[in-house]
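Heads up, the thing below is written out as C-alpha cells.
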Amino acid sequence: MVVRSSSAVCFQEGRFEESTGVSHSVASVTVAYNAANLLPRQMEALLRQTRSLEEVIVVDNASSDGTSALIAERYPQVTLLRMPENLGIGAGLAAGLKYAALEKRHDWVWTFDQDSVPNDDALEVLLEGTESLGNNDGEVGIAAAMPVHIETGICYPPLLWRDGYVQPSAEQLRKPIWFADLVISSGCMVRRDVVEKAGLPRMDLFMYFVDFEYCLRARSLGYKIAVVTRSRFAHEIGNAREVRLPGYSRLWQDRAPWGEYYMSRNLTYAAWWLYPSSRTKRFVVRHLARHAGGVLLFGSNKLACLRKMAQGFWDGRRASLGIRFRPS
C-alpha cells in the first residue's frame, strides 16, 4: 500500500511540443530512503529545469529521518508517496511508475536515485535528443542522461549486453546520441507505453540489477535505449573512490555486505533463469571472481562481503529471491 500526501500539487507548465505538434507531459520520480540531507539539492535542481516538469514525485521508502516531513513542509508542490515499509528500490520504482505512468498518464517518467542532481538543462537536452531521432532508429522506449561522478568528473557509461556486460567503445561515447542495452535507473526517462507493455520493475530483486533487468525486458520487446551524451547529472554510487594500480585506474564502489549479496544474487539469477546460456553463466562466474579480487584488494569489510557474495551466488542459482537482508 502507498499512502499519498494530501499536499500534492501537479505542475501544469512547460509541456513539451514535439515536431509533430503533439504535447507530451513529463514527471520525475525519486525513490528515497533516509534522504533528508540529500533531497533538497535534487528538488531544487528539478524545480529549476529549463524545461519544467508537469509533476515531481518522491517515493519515500519508509524513512525514519523526517524525509516525508521535509518534502511536505518545504516542497508542497511535490507529490509524496509514502511506502509502509522499506521494500527496496524495485518496489519504490514500481510504485512511482504505476502512479506516474499508469494512473496519472504522463507520457515520460524521469527516474532518480536520491543522490543524483541533474544539470539545469538536463531534461531539455534529453527531450531534444530524443525528438531528433524521430522514427529513423526504431522505437525509443528509454532515454538516458549521462551520470558523472562529482569528485573525479568520471562518467559511468551505460553498457551493452552481449551475454554479459560489454563496455561501449570510445567512439560510441563521443557520439551525441547512441544506443545502449543497460542504463541505471537514475537519470533515465521511460515512456508510458513501455510501462504498459513491459510491466513494472521487479520487487523481488529488492535492489541491484533491478534497472538492468528492466532494460533487458524493454529491449526484448523491441524498444531501443537512447543515450543523450550532453544531458548530464551528478551521481554518486555508494562509497565510490578512485583506485590505482600500475596501468590500471577505476572507480571502486565499497558496498556493504548486504549490497554485495543482492548484486551477486540478482546477476546470477539473471544468468541462470532469465537469460540462460553457457556464455552468460561463464561471464557471471568470471565477473564475480574479478569482483571478489577487487574486494580483497580494495574492500573495507573483506570477509563479510565475500561470504555474502557466495550466499548470493547460491541463492541466485536456486532462484531464491525476495528480501533477505535490509540496509543497516
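The values are calculated or read from the model by the stated rules, or taken from the named source; none is laboratory data. Please read these numbers as outputs of a predicted model, since none were measured by experiment. Cβ coordinates were reconstructed from backbone atoms using ideal geometry, including for glycine residues, and neighbour counts include every protein chain displayed. We work out accessible area using only protein heavy atoms, side chains counted, and drop any ligands, DNA or RNA first. Shrake-Rupley method; radii C 1.70, N 1.55, O 1.52, S 1.80 Å.
Do we have any residue at all in the stretch 130-145 that's surrounded by fewer than 17 Cβ atoms within 10 Å (Cβ to Cβ), at pLDDT below 90 and part of a strand (DSSP E or B)? No: zero hits.
For F212, indicate whether it is touching a strand residue (DSSP E or B) at 6+ places or on another chain (Cβ under 6 Å), assigned to a helix (DSSP H, G or I) and either open to solvent by less than 10 Å² (accessible area, probe 1.4 Å) or of a type outside the set (A, V, I, L, M) (or both).
yes
Any residue in the stretch 112-132 that is within 19 Å of the chain's Cα centre (by Cα), among the aromatic types (F, W, Y) and over 19 Å from A45 (Cα atoms)? The answer is no; no qualifying residue exists. Could you check how many residues of the stretch 289-312 are in contact with a Lys or Arg (Cβ under 7 Å, 6 or more places away or on another chain) and open to solvent by 30 Å² or more (accessible area, probe 1.4 Å)? The total comes to 1. If L97 satisfies all but one of (1) over 20 Å from V26 (Cα atoms); (2) touching a Leu at 6+ places or on another chain (Cβ under 7 Å), what's the number of the condition it fails? Exception for L97: condition (1).
Counting the residues of the stretch 258-282 that are among the polar types (S, T, N, Q), in a helix (DSSP H, G or I) and over 12 Å from M207 (Cβ atoms) gives 4.
Which one of these does E171 not meet: (1) acidic (D, E); (2) at pLDDT below 95; (3) touching a helix residue (DSSP H, G or I) at 6+ places or on another chain (Cβ under 7 Å)? It is condition (3) that E171 fails. Residue count for the stretch 63-116 satisfying the condition of being open to solvent by 20 Å² or more (accessible area, probe 1.4 Å), out of contact with any Asp or Glu (no Cβ under 8 Å at 6 or more places or on another chain) and assigned to a strand (DSSP E or B): 1. Of all the criteria given as (1) more than 25 Å from T30 (Cα to Cα); (2) in a helix (DSSP H, G or I), the one not satisfied by P168 is (2).
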